[in-house]
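Reviewing the structure listed below.
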């Protein structure tokens, strides 16, 4: 009983430490235990099998099993145990091949772990990184804050802001490659504003767009409202027929 309580307490402590270091780190043990399922699904989704290949593979496997069984039965008959009676069962043949496959996969796993450890030690990339959509959302907010500060300095002069925007954004090159910014002029009594949203379609659908304008306008909108905001730059329709 006490041992179980200690194991639960240590497990809870380990979870709390991982949560403090980074919530995403909690996914590391889950990925190590169950990541092969997602990897298998991705491989099977793109894998293609030709009928001829399947037939030849089946024939080769059958011949291998039959040959192994014949060899085992021949050796068994020549041994002292075989002379006393009894046959070499198919179960032993299958167990033999299963053991060989387990040894093969274990060796491949050891080589793979050694290769990945070497790559992690030599690589300059971070061990853990947020998903792209989270990074894009954070970059969107950073770009929006920089645009808000720039608009306050330039009194929301859109022409001047277009030329200076990326010089004021942190990590301007990375932000300009991942973010798209649209400046809308003040029209029909509506104030000028800027739209900031990720270029990646998946990140855009998840993070939405950021509307930045004067008077502390700093709102995140759903991705579906982009068309509504872009209509501001289109000319107003003229009356048709005899209307004047």
Mean projected area (nm²) from the convex hull of Cα positions in region 132-233 is 5.9
Provide the FRET efficiency to the nearest 0.05 for the residue 9-residue 95 pair, computing r from the beta carbons and using R0 = 45 Å.
-> 0.60
By average Cβ neighbour count within 10 Å, what is the ranking of 50-63, 141-154, 91-104 from highest down?
-> 141-154, 91-104, 50-63
Taking only C-alpha pairs under 8 Å that are 6+ residues apart, what is the relative contact order of region 132-233 in percent?
-> 27
Rounded to the nearest whole Å³, what is the per residue volume of the convex hull around the Cα atoms of region 55-127?
-> 137
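Every number in this text was worked out from the coordinates using simple rules, so none of it is lab data. What you are looking at is a predicted structure, and each value in this text was computed from that prediction instead of being measured. Cβ sites come from the backbone with ideal geometry, for glycine too, and all protein chains shown count toward neighbours.
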